[in-house]
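Since every read-out is calculated from the coordinates, none of them should be taken as a lab result. No experiment lies behind these values; they were computed from the predicted model shown.
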Amino acid sequence: MNRGTRRTATVCALGAALLGALSAPAHSAPAKRDVTVRTSDSAGSATFVHHGDSLRVCDLKADGRRVVGRLLWTDLKGSHHTLTEDSNGAGNSCARQSFDIPEGTPVTIKVCLKKGPKGIQEKCALERAVA
């Protein structure tokens with residue numbers, strides 16, 4: 001193969017690789033940052049704090065309901081489902097719980113409202129993050 005043919009083949013191969021990379025769907029993981037999710041009516045929130053692996057759950061509206069936050073993840077030890085509730089009403093301190101989650105582990109944050117300790121969860125929302 002002569003030098004000109006080789007150069008043309010190289011340019012074509014690089015162009016095909018670039019076209020393939022640009023047309024492939026982007027499936028990036030969520031960034032390692034703090035993530036807040038609010039209930040669908042914004043009466044409650046749950047924030048996953050990346051540094052320290054904690055979940056902060058806050059009641060934001062005096063409506064007689066409590067805010068329930070869940071953190072879910074899977075690691076080598078198995079699947080984990082946590083529950084953190086802010087049941088002291090809006091305008092008071094938020095509930096906080098810390099965990100030991102392996103670095104880089106995907107987590108799901110879920111927040112809901114419920115009436116009383118045995119109420120049905122409603123107005124739920126969820127978001128993903130990385131520990």
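Amide H of Val107: which non-local residues (sequence gap of 5 or more, or other chain) have their own amide H closer than 5 Å, using H built in the peptide plane?
The answer is Ala129, Val130, Ala131.
Please list, in order along region 86-96, the HN-Hα scalar couplings obtained from phi with the Karplus expression 6.51 cos²θ - 1.76 cosθ + 1.60 (θ = phi - 60°), rounded to whole Hz, x for Gly and Pro.
So the J values, rounded to whole Hz, are 9, 10, 9, x, 5, x, 10, 5, 7, 8, 9.
Taking amide H positions as placed in the peptide plane 1.01 Å from N, state which residues far from Gly44 in sequence (5 or more) or on other chains have amide H under 5 Å from it.
HN-HN under 5 Å from Gly44: Thr39, Leu60.
Can you pull the Rg over Rh of region 61-127, Cα-only, Kirkwood?
Ratio of gyration radius to Kirkwood radius for region 61-127: 1.02.
Taking H placed 1.01 Å from N in the peptide plane, check which residues at least 5 places from Cys124 or on another chain put their amide H under 5 Å from its amide H.
Ser40, Leu113
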